[in-house]
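Taking it in order: structure first as structure tokens, then the write-up.
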Amino acid sequence: MKDRVALSVIGLASALVVVIVAVLLLGRQPQSGAVHGVSALPAVNAALNGTSAALLTAGYCFIRQRKVTAHKTCMLTAFGVSSLFLVSYVIYHYHAGSKPFGGTGWIRGVYYPLLISHLSLAVVIIPLALTTIYRAWREQFARHMRIARWTLPIWLYVSVTGVMVYWMLYHLGPQP
């Protein structure tokens, strides 16, 4: 019964995050002139994504070496860093809206599939990460390992492609 309630809360929280981000990206006009106050946040977000990727990689290495405490520390810190990313991302998009991609030519054929896969898997990783952490917390280690085999590569992909999307969006093509 506890698992059912916890998974329902995870599902509800995940859906709420997705709806908030979707509204910010698709349905809200940014405040005029507000970009200046949050202009550093895309670089901060990329740094948070890169940090998350490094922590996930270290956590994986630690569990392979059976260093459980170090693994737990890295994974929970990666979750915290990813949560900070999400807060920063929401703040930025609330104030600044979305930046259109300025690249031209063949790079557009790279950027948009990368962006779509990144965003799609970012939606998927929210309930996966929460469920994986929940199962470890409840000491359901066999179930934790089964889902972690999926969670880790997806979360790592989302973190790494987040840095790539930032770089392509802010460092390729014409800049204002």
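The values are calculated or read from the model by the stated rules, or taken from the named source; none is laboratory data. Keep in mind the model is a prediction, meaning the values are calculated, not measured. Reconstructed Cβ throughout: ideal geometry from the backbone, glycine too, with neighbour counts over all protein chains shown. Accessible surface is based on the protein model in full, side chains and every heavy atom, while ligands, DNA and RNA are left aside. Shrake-Rupley method; radii C 1.70, N 1.55, O 1.52, S 1.80 Å.
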Matching residues in region 99-136 (farther than 15 Å from Ala78 by Cβ, free of Cβ contacts under 8 Å to residues at least 24 places away in the same chain and not in a loop (DSSP other than H, G, I, E, B)) number 9
Here is a check on your reading of the model: is Ala15 more than 23 Å from Pro153 (Cα to Cα) and either in a helix (DSSP H, G or I) or of a type in the set (A, V, I, L, M, F, W, C) (or both)? no
Name, by its number, the condition in (1) open to solvent by less than 20 Å² (accessible area, probe 1.4 Å); (2) closer than 19 Å to Val160 by Cα that does not hold for Ala96. (2)
Only one of Ser159, Ser120 that is crowded, with 19+ Cβ neighbours inside 10 Å, within 12 Å of the chain's Cα centre (by Cα) and not hydrophobic (A, V, I, L, M, F, W, C): Ser159
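Would you check which residues across region 33-75 are of a type in the set (Gly, Ala, Ser), assigned to a helix (DSSP H, G or I) and more than 19 Å from Tyr170 (Cβ to Cβ) and list them?
Looking only at region 33-75, we keep the residues that are of a type in the set (Gly, Ala, Ser), and these are 33-34, 37, 39-40, 43, 46-47, 50, 52-54, 58-59, 70.
Filter again for assigned to a helix (DSSP H, G or I), leaving 37, 43, 46-47, 50, 52-54, 58-59, 70.
Across region 33-75, the qualifying residues are Ala54, Ala58, Gly59, Ala70.
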When region 1-50 is checked residue by residue, the ones that are open to solvent by less than 60 Å² (accessible area, probe 1.4 Å), at pLDDT 80 or above and not small (Gly, Ala, Ser) are Asp3, Ile10, Val17, Val18, Val21, Val38, Leu41, Pro42, Asn45, Leu48, Asn49
Qualifying positions in region 123-156 - buried (at least 16 other Cβ atoms within 10 Å of the Cβ) and of a type in the set (S, T, N, Q): Thr131, Thr132, Thr151
Here the residues within region 162-176 that are open to solvent by less than 60 Å² (accessible area, probe 1.4 Å) and under 13 Å from Gly103 (Cα atoms) are Val165, Tyr166, Met168, Leu169, Tyr170, Leu172, Gly173
Condition met for Thr151 (in a helix (DSSP H, G or I), farther than 20 Å from Ile10 by Cα and modelled with pLDDT of 95 or more): no
Given the conditions (1) closer than 26 Å to Pro153 by Cβ; (2) within 21 Å of the chain's Cα centre (by Cα); (3) exposed (fewer than 13 other Cβ atoms within 10 Å of the Cβ), which single one is not true for Arg66? (2)
